[in-house]
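See structure below.
A short reminder: the numbers here are calculations on the coordinates, not readings from a lab. Remember, it's a predicted structure, so these values are computed and weren't measured experimentally. Here the Cβ positions follow ideal geometry from the backbone for every residue, glycine too, while neighbour counts run over all protein chains shown.
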Amino acid sequence: SSFICDQTGAMVATADRETETVLTATFDLDGIARQRASWGLFRDRRPELYGPLLGYEG
């Protein structure tokens, strides 16, 4: 079945398998951005260091 999850992975809407359903949800995008910034996951990224890891040393 189909579902919509919020930014934490919690299901906010689900569809059953018996009927055709269109799911919709409304999200506070500013709130999501604030929450993601507080996680530190993207804050600590160092994409400038990815080059050597992604190169092919044939």
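Would you mind checking the tilt of helix 29-39 against the longest principal axis of the Cα atoms of the chain, expressed as 0 to 90 degrees and rounded to 10?
50 degrees
Kirkwood hydrodynamic radius, the chain, all distinct C-alpha pairs: what's the number in Å?
Every distinct Cα pair counted, the radius reaches 15.0 Å.
Hey, rough spin-label estimate for THR8 and TYR56, points 7 angstrom out along Cα→Cβ, what's it come to in nanometres?
4.4 nm
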